Amino acid sequence: MPLVHAFDPPERFVVGTVGPPGARTFFLQARDGARLTSVALEKQQVEALAERIDELLDEVMRAADNTALIPAVAPFDLIDKLPLEQPIEEEFRAGTMTLSWDLATERIVIEVFPFTEAAVVSPDQLEEELEEPEPDEIFLVRLTAGAARAFVDRARRVIGAGRPDCPFCGNPIDPDGHLCVRANGFRRRDPQQS
């Protein structure tokens, strides 16, 4: 039986980072009273989760049988700009994530499972019938629609707070510049630091 870190609903559910731009570690963090759970994940996972939550809420809003009150944007009073809570103790590194809408409770349900090497499938295994291993832990969060929109708002701000993108090649610009492939190796700098 896996250990389930369940928050239904959490008092706070946010994404945040530790470290300077270019070397940030991303965390999902949920708190309920004194109970605090932090799960590490990749920037791309944060982007995908935020995008999919937004799409799912839009789908529920448009559904003909929808009776839930779904805000189109994050309610101002739910927007969270505070830093991650301390201490940040990583429970596990995120692997697979699932997302669903619970019609009965009108909540977004997010399940995060730990990354395991056993879950990685090579191209030659795509046709095989594989059984995914039972996870040791699950991070389970159930959010109201407003809290979910606020999570998306914060996730986008956190992602955008990283290194600026090069206007020519799209790669991130480090504080000391970067070798731009579109400029034949010419070193470009962050225009805001000039």
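The values are calculated or read from the model by the stated rules, or taken from the named source; none is laboratory data. Computed from a predicted model, the values in this text were never measured in an experiment. Don't worry about glycine lacking a Cβ; one is built from the backbone with ideal geometry, like all the others, and counts go over all protein chains shown.
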Q.
Can you tell me how many residues within the range 72-82 are surrounded by 11 or more Cβ atoms within 10 Å (Cβ to Cβ) and not in a loop (DSSP other than H, G, I, E, B)?
A. 1
Q: Scan Glu91, Glu85, Glu128, Glu106 and give me the residue that is more than 18 Å from the chain's Cα centre (by Cα), in the same structural domain as Glu11 (by TED's automatic domain parsing) and either modelled with pLDDT under 95 or surrounded by 11 or more Cβ atoms within 10 Å (Cβ to Cβ) (or both).
A: Glu106
Q: Could you please find all residues in the range 19-44 being surrounded by 15 or more Cβ atoms within 10 Å (Cβ to Cβ), under 21 Å from Ile79 (Cα atoms) and out of contact with any helix residue (DSSP H, G or I) (no Cβ under 6 Å at 6 or more places or on another chain)?
A: Phe27, Leu28, Gln29, Ala30, Arg31, Asp32, Leu36, Thr37, Ser38, Val39, Lys43
(Q) Restricting to the range 154-183, give me the number of residues that are among the charged types (D, E, K, R), surrounded by fewer than 20 Cβ atoms within 10 Å (Cβ to Cβ) and either outside any strand (DSSP E or B) or at positive phi (or both). (A) 5
